1. Could I get the Rg over Rh figure for the range B:438-509? Both from C-alpha atoms, Rh via Kirkwood, rounded to two places.
2. So how tilted is helix B:251-268 from the main axis of chain B? Cα-based, degrees 0 to 90, rounded to 10.
3. To the nearest 100 Å², how much accessible surface do chains A and B cover up together, summed over both, with a 1.4 Å probe?
4. Taking the Cα atoms of the range B:451-555, report the difference between the largest and smallest coordinate on each principal axis, in whole Å and largest first.
5. Expressed as a rounded percentage, what relative contact order does chain B have, with Cα pairs under 8 Å and six or more residues apart?
6. Using r as the Cβ-Cβ distance of B:Asp468 and B:Arg249, and R0 as 51 Å, what FRET efficiency do you calculate, to the nearest 0.05?
7. Mean residue ellipticity at 222 nm from the helices of chain B, using -39,500 (n - 2.57) per DSSP H segment of n ≥ 4 over the full residue count, to the nearest 500 deg cm²/dmol?
8. With a 10 Å radius around each residue's Cβ, average the other Cβ atoms per peptide and rank B:296-305, B:316-325, highest first.
Amino acid sequence: MQVWRVLVVEDDPQMRGFFANSVQRCAELCLAASVGTVAEATAWLDDDSNTVDVLLVDLGLPDGSGLAVIRHAVLRHPHCEPLVISMFGDDANVLASIEAGALGYIHKDSRPQDISRTILDMRAGASPISPMIARRVLSRYRSDQVGRAAGPAPASRLPDKSLPGTGPHAMPKRRLLSPREQEVLALIARGFTYAEIARLQSVTVHTVQTHIKNLYAKLSVNSRSEAVFEASRMGLLPRHG
Amino acid sequence: MAEPGRVDSTSLRAPTPPAQGLWAGLRRLLRQLVAPVLLCLAVQANALTLELREARASVTIQGQTKQLAVQLPYHWDRVHGGLQGAADFELPFTLAELPGRPYGLYVSRLGNAYEIWLNGVLLEKNGDMQNFNGADYAKSPRFVDITPGLLRTENVFRVHIRVDKGRRGGLAPLVLGPLDEVQRRYEHDYRWRNTGSMVVVVLSLLVGGVALVLWVTQVAPPEPGQAGRPEPGQMGRPKAGQAMGRPLRDRLFLLAAIAELSWTVNVGDVLIETPPFGWPWWGMVTIAATAVWVCTMALFCIEVAGWGRHPLVRWLGRWILLLLVANPVATAAALLYGYPLALTLWYAALGLTCLALLPVFMRKALRDGSIAHRMVAVALLLNTLVGMRDIYAFRVSATYGGTTMLRYSSILFGLALAYVVIARLRFTSGQVRDLLSGMAAQVKAKEIALQTRYQRVETLAREQARDDERTRILRDMHDGVGSHISTAIRQLQTGKAAAADVLHTLRDSLDHLKLSIDAMNVPPGDINALLANVRYRLEPRFLACDIRLTWDVDLLEPVAAMDASAMAQLQFMLFEAFSNVLQHANASTLCVLAHPCETPWRGVRLQIIDDGCGFDVDQPRGNGLSSMQQRARGIGAVLCLASAPGRTVVEITLGSVPSGGAVVGD
């Protein structure tokens, strides 16, 4: 049986203990470590003797943003799949996390079994996405299309600073969404579940999950140069909580 | 008409006109004193040139012919005032030796129509010798070539003239001599009388035309003080109180134009031998033009001096108007009825007016006048003096030939006038420029003020939006999180509630908080997004309660009437409806439908249908349903409830619904 090694990064000791316990209660998961700051996390990740498969990270850490930990983990451990611990799962924070390399998010008020279930689902290829996030991604994609149609004049359209990745340091290129991915996103934005979408589109749930996974990949910054670019931008990002 | 056959041998000398007695005596005295000197000079200059002044005249007036011995010049109007007629002058002369080179004859004035004969040979003829009041050939000096073969030792010139009444007809002395000498004298005379007049005409036309164009195209200058530029000197000021851009013409330009154009007619007359209509009407026109010139120049001086509002000027204006009206009467009396004294008196009145105006104008010019004022003063002084000289020379003394000097002195007037017009134009242009720059500054100030006001409005709008959002969040907290937490506290304090109930209350609280956060990003009117969020947040709880959810939601057009606040209210209603199902319905299936609603309103109809135990819609538990009712009424939605065991329907219709249209019950 494959056992996934999990690193928990959460500054609140009680919450950190809750997540550590939730991981430990699952036989398929193994708690690699639990730390409370960006510095501790990066130090642990830099230690070559440590390996990690799943990163559970809170965004609001005392010495910086959890996004830095996600980027660092992706750089140091390419096979690591980060999951963001979010209080509200709000679209701004989640989207920023996805762009940093996260493959999903988990609510702080989730039950222990939901936490382990989410981790295992992610490892199996399923990533969650809320209707709000789907709508934001579609909206951004459409504005990109309008921008391309208008030609290479970024000054001609105002960047939406509320959207991560659309500010003055936005990525120069964004990979296009396929028509099927757009349809899936549109249905998610209308509140349909993966199963309902699969039924409506006469495909399997796994296919829908693949679309979402691809979407995550397209949104994430997974190349080294882009990571360096993002790292330079990191100081400009607001502190997430 | 000349009648050479009738000779009155009793009249040997020309009669002396009564008004001329004194002047004739003076002239004779002057001639006796000065003539020998001039004669000596002339002889020294050229002893061959003859000036023939002695003649035998045969004068025919009204059919009566008289023989006279006359001295030239023969000024017909002075001798036969108010009469027309003809005269035949015979001027014999002797040459000591016959000339071997061409000779020329120069006469400074003769006519109005004439014939010149030498030794029985017609040298030149101009005009109709039979009919009066036609063309006038007395305006220009005359020169005739004489071939040497025509001259003998004993010679006689015969000159026939036809003279109109009051038209300065007559005969000037005949000057005979070598061609080049006589021609030089002729050309000198011609230049002064004709070429000079042409120059004056062109200049006057130019100045008058420009002034007229400026007057016609002129628009209102800005109001004094608006442009902030002081007026130069004592120049007449433009009329105030008119809006910029409206036609408001400066009277100064019009006066200048009229003066110069009328002067053009007067001076140009010397160049017109055949006038457009006959004598004396054409004469009346030219004299009237002179009158208009003098009067408008007087008014122009008043304008330049800035006396436009002086009370005495009103009287002066009336006097000038009277002079203008009197001019045709005096001219008619002189030219039609043979009373030249009437015209002389009119000229005298005009001259005295100018003489009276002159010192006052000069005094003001010297004390505090502008450059333009002083230029006009000098021109006025010179022209008045020259004009008086001309009046004396042509109306009082018996001068015949020559030309008026006023036509040349008037050039100074024209130049002064042009300067004033240009100065006024520059002044007005400066005012316009200043006004435009002032307007630009005002526009800029207005723009700044507008921008400031806009920023204030924007700030107020932002503050208002912030207040609205704060109010909304407070209400959400009060109705949602706050209410749930206080319920949980009560549950814990009483000790009666089970842990599951408290947990449920707290989960409600957190879900509500999440929905409130979601609501911040839901676009106004997007019912799809709102429903999707509610489902996303509550679905785990449906799953936990083992309630199967059926989702039948169309792609909906945004509902225009649903703003952010209304969306929050709708979200609360949906949360309340779902929460009721979760808590009380004991349902196994929940169906959510959302479809466009075409009738009776264009909007959206939402239905939440469960197969739970139902409840009495008339006596609902708690205040959740009444709260939903209030919220529905607040956002203009219609809320319908229908409940029976096994089927409860909550229907919310959104769109263009009259306010207060909420309905509860079925």
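1. Dividing the radius of gyration by the Kirkwood radius yields 1.58.
2. The answer is roughly 30 degrees.
3. For chain A against chain B, roughly 1800 Å² becomes buried.
4. 62, 41, 12
5. Numbers: 1106 pairs, mean separation 57.9, N = 666.
RCO, chain B: 9 percent.
6. The formula returns an efficiency of 0.25 here.
7. So the helix-based figure for chain B works out to -17500 deg cm²/dmol.
8. Details: B:296-305: 24.3, B:316-325: 14.7.
Top of the packing list down: B:296-305, B:316-325.
The values are calculated or read from the model by the stated rules, or taken from the named source; none is laboratory data. Because the structure is predicted, anything quoted here is derived from the model rather than measured. Note that we place each Cβ from the backbone using ideal geometry, even for glycine, and neighbour counts take in every protein chain shown. Surface accessibility is based on the protein's heavy atoms, side chains included, excluding ligands, DNA and RNA. Shrake-Rupley method; radii C 1.70, N 1.55, O 1.52, S 1.80 Å.
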